[in-house]
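First the structure, in the form of structure tokens, and then the observations on it.
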Amino acid sequence: MGFSTLLDILGSIIMGGIIMSIVFRLSDAATEKTYNNSGELALQQNLATVAQIIERDFRRIGYCQDWNKIPDPSKAILYADTTRIKFLTDVEPDGNVDSIDYYIGPASELSMTENPRDRILYRKVNNEVPAQSNLGITDFYMIYHDALGDSIPLPISNYGLISSVEINVTIENVSAYDQKYSTAYWRQIRMVARNLKNR
């Protein structure tokens, strides 16, 4: 074996290594792209689901099929702070007054998931066991406004001042490729329940 043969073998090994490295990088990039694209779709679907449920419930604050049971809609909100709200409504439209309580749990409740920031959004109707939404919610907070559109400072002492609610929800993938989480954000500015305006 001559020197030129050894040089050819060494060159082939180096070129083969470079080609294998390129193939591995392309494969990794394709895997990441596929993972992220499917995660984006799930993320958007989760956000749409959460937004629909919240909008439906919040638009019905102070509503009851038998309007005599909630004659003063300004008393429909029972509690309100940045991450929790409790209000009266008629969930089933059957003429019975129900209460709905929305609140977000601590991140420590979901320590077993990949995402260290995701939290459970609770929706409690009357005295039932709270329904849990684990769709990658990382942030849920509200800002309350009076009839003039000014934000009401916390803590709120008179819930009857609340005329509209700004709702903010952030959702991230529940799992991510290489710890890169995609984020979707939904904000409903000035969510107004028709019955709160009925004063």
So residue 99 passes all but one of these: (1) out of contact with any strand residue (DSSP E or B) (no Cβ under 9 Å at 6 or more places or on another chain); (2) at pLDDT 90 or above; (3) not charged (D, E, K, R). Which condition number does it fail?
(1)
Close pairs (7 angstrom Cβ cut-off, 6 or more residues apart or separate chains): touching a residue at least 24 places away in the same chain (Cβ under 8 Å) and within 16 Å of residue 114 (Cα to Cα) in region 132-144, polar (S, T, N, Q) and outside any strand (DSSP E or B) anywhere:
135/46; 135/49; 136/46; 136/115; 136/173
Which residue pairs have Cβ atoms closer than 6 Å, lie 6 or more positions apart in sequence or on different chains, and pair a first residue in region 97-119 that is farther than 18 Å from residue 47 by Cα and touching a residue at least 40 places away in the same chain (Cβ under 8 Å) with a second residue that is open to solvent by less than 40 Å² (accessible area, probe 1.4 Å) and not in a strand (DSSP E or B)?
100/57; 114/175
Return the residues of region 138-149 that are assigned to a strand (DSSP E or B) and hydrophobic (A, V, I, L, M, F, W, C); say none if nothing qualifies.
140, 142, 143
Please go through region 112-137 and give me each residue that is more than 12 Å from residue 170 (Cα to Cα) and not in a loop (DSSP other than H, G, I, E, B), ordered by number.
122, 123, 124, 125, 131, 132, 133
Suppose we keep only residues that are at pLDDT 90 or above and polar (S, T, N, Q) within region 21-67. Which one would you say is least open to solvent (accessible area, probe 1.4 Å)?
49
The condition from (1) open to solvent by 20 Å² or more (accessible area, probe 1.4 Å); (2) modelled with pLDDT of 90 or more; (3) more than 18 Å from the chain's Cα centre (by Cα) that residue 89 misses is numbered (1)
Scan of region 92-103 for residues that are open to solvent by 40 Å² or more (accessible area, probe 1.4 Å) and either polar (S, T, N, Q) or part of a loop (DSSP other than H, G, I, E, B) (or both), ordered by number:
92, 93, 94, 96, 97
I'd like to know if region 86-94 contains one or more residues that are charged (D, E, K, R), out of contact with any Ser or Thr (no Cβ under 8 Å at 6 or more places or on another chain) and free of Cβ contacts under 8 Å to residues at least 12 places away in the same chain.
yes
Consider residue 154 carefully, then state whether it is open to solvent by 60 Å² or more (accessible area, probe 1.4 Å), assigned to a loop (DSSP other than H, G, I, E, B), at pLDDT below 95 and among the hydrophobic types (A, V, I, L, M, F, W, C).
yes
Among the listed residues 128, 166, identify the single one that is open to solvent by 50 Å² or more (accessible area, probe 1.4 Å), of a type outside the set (Val, Ile, Thr) and without any contact (Cβ under 8 Å) to a residue 60 or more places away in the chain.
128
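The values are calculated or read from the model by the stated rules, or taken from the named source; none is laboratory data. Every value quoted in this text rests on a predicted model; they were computed, and no experiment measured them. Here the Cβ is made from the backbone with ideal geometry for all residues, glycine too, and neighbour counts use every protein chain on show. All accessible areas refer to the heavy atoms of the entire protein, side chains included, with ligands and DNA or RNA removed. Shrake-Rupley method; radii C 1.70, N 1.55, O 1.52, S 1.80 Å.
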